[in-house]
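Data block below; observations after.
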Amino acid sequence: MTTKQDCRGHFRERRQQQISLGSAIYRQVLTMVQRSPLRPGYLGLYWPLSSEVDLRPIRAITPNAVALPVADGSGGLQYRCWGDTPLQADGCGIPAPTNAPALSPDKLSLLLVPALAIDHSGIRLGYGGGYYDRLRADPLWAAVPAWVVLPSACISSEPLPRDTWDVPFTGWITEHGPGQPS
């Protein structure tokens, strides 16, 4: 597999085959969030799509306030507080707190991000919209600890195709627990 498109198809299928591991991955994420000393600030979650691990229940048990990403539909991404107001479709049609004010990176303690794959250097493969890439290309956002959530079958033993703007993630969390780039 030499192109991101080839890799996306391969790892999308792999992730779909591992959907039964969602609750085990959720438990590992929960353990990490509960045991890790999070700096004050919002915990950045995501609204799950298709075979992504559903982390929404963490909202009810974390002492941190929770934020969700809001995409503008043309490449921009912001995190906003997930409060009590109803969510609305963002620019990509994903439920999000579209009316809440945008949060600056210093307001977030941790980002948990979905992925199709990640390699051992921490390079994430997403759906191809580049939303998280553009956000994390800003050094202030790249400084926020960011962990990819996915099944271990989606950790690539080979380096994934990488663009100049790709920023390595802090690590990943699978059904086996957290791992970090080597």
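Residues in the range 138-154 that are in a loop (DSSP other than H, G, I, E, B), without any contact (Cβ under 8 Å) to a residue 40 or more places away in the chain and crowded, with 16+ Cβ neighbours inside 10 Å: P145 only. So which residues in the range 16-28 are outside any loop (DSSP other than H, G, I, E, B) and either surrounded by fewer than 18 Cβ atoms within 10 Å (Cβ to Cβ) or in contact with a helix residue (DSSP H, G or I) (Cβ under 7 Å, 6 or more places away or on another chain) (or both), if there are any at all? Residues satisfying the conditions are Q16, Q17, I19, S20, S23, A24, R27. Condition first: within 23 Å of G73 (Cβ to Cβ), touching a residue at least 12 places away in the same chain (Cβ under 8 Å) and not in a loop (DSSP other than H, G, I, E, B). Can you find one or more residues in the range 155-164 that meet it? For the range 155-164, residues within 23 Å of G73 (Cβ to Cβ), touching a residue at least 12 places away in the same chain (Cβ under 8 Å) and not in a loop (DSSP other than H, G, I, E, B): absent. G73 fulfils the conditions (1) in contact with a Gly (Cβ under 7 Å, 6 or more places away or on another chain); (2) surrounded by 15 or more Cβ atoms within 10 Å (Cβ to Cβ) except for a single criterion, (2).
Condition check ((1) within 16 Å of the chain's Cα centre (by Cα); (2) under 21 Å from R134 (Cα atoms)) across all residues:
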residue: G41; (1), (2): no, no
residue: G44; (1), (2): yes, yes
residue: V53; (1), (2): yes, no
residue: T62; (1), (2): no, no
residue: G76; (1), (2): yes, yes
residue: G91; (1), (2): no, yes
residue: N99; (1), (2): no, no
residue: L103; (1), (2): no, yes
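All of the numbers you see were taken from the coordinates with simple rules; none came from a lab. Keep in mind it's a predicted model, so treat the numbers as computed, not measured. Heads up, the Cβs are rebuilt from the backbone with ideal geometry, glycines too, and the neighbour counts pull from every protein chain shown.
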